[in-house]
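Comments concern the structure below.
Please treat every number below as a calculation from the coordinates, not as lab data. Here the structure is a predicted model, which means the values were calculated and not measured. Note that we place each Cβ from the backbone using ideal geometry, even for glycine, and neighbour counts take in every protein chain shown.
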Amino acid sequence: MVVPRQPFVGLVDEMVERVDEQDHVLAVVGRSEAVRHGWLHRIAVTMCRDREGRILVQRRSEHVARFPGHYEVASGGAVVAGESYEEAAARELAEELGVRAPVRFIVKFLNRSGLSPHWLAVHEVVLFDNPNPDPDEVMWHGWLSESELLRSMRENPFTPDTHDTLSHYFAAVGRGII
């Protein structure tokens, strides 16, 4: 279901759970502090597919703080303190793509690519409606087949954790194309 856009209210440092190598909570800290110190915290993302199995690819806005103008294959962000991975994935899907849909957990792994190390939980959703991306976050989006995605990854700048995200995702769903 496509939901109406909420007005942009500005940046706030999210409170996240600092976790250990087993994903056990150690403390609640600001996300910027976790990134600055390289502390493990939690991130949840969702891979969107359509009825034909194509993957939604997005190009990040030039105005976002992290990796402006880069392409990515998943919507997501930090799991805020007290939130489950699934709740965060669904919340981020609604915030970034304007879509409310149940997400399905696929795989979780310790990711050391990107800005700082984090536990990354990858979810999946099949969308039957076109997304309504937040223009403050997404400047372009399109559906790509797996072969088109691989070609695009060779030709365009993708976020640093894209390769690891896709590798774990495809391995978990029984595909090994990355």
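Only one item in (1) 1.03; (2) 0.94; (3) 0.96 matches Rg/Rh (Cα atoms, Kirkwood Rh) derived from the coordinates shown, and that item is (2). In plain terms, the chain from Glu52 to Val173 could stretch by 42.0 nm, reckoned as 0.36 nm per residue minus the Cα-Cα distance. Taking only Cα atoms and a 10 Å spring cutoff, compute GNM fluctuations for the chain and point out the largest among Leu97, Leu166, Leu120. Among Leu97, Leu166, Leu120, the largest GNM mean-square fluctuation belongs to Leu166.
Between His70 and Gln22, the contour length at 0.36 nm per residue exceeds the alpha carbon distance by 14.2 nm. The relative contact order of segment 58-178 comes to 30 percent, based on Cα pairs under 8 Å that sit 6 or more residues apart.
Looking only at Gly114, Gly82, Gly98, which one moves most when the chain is put into a Gaussian network model with springs between Cα atoms under 10 Å? Comparing Gly114, Gly82, Gly98 in the GNM, the peak value goes to Gly82.
Estimated from helices alone, the mean residue ellipticity of the chain at 222 nm is -7000 deg cm²/dmol (sum of -39500 (n - 2.57) over DSSP H runs with n ≥ 4, per residue). Extending 7 Å from Cα along the Cβ direction at Ser61 and again at Glu87 yields two label points whose distance is 2.6 nm. Modelled spin labels at Asp136 and Asp13, positioned 7 Å past Cα toward Cβ, are 1.9 nm from each other.
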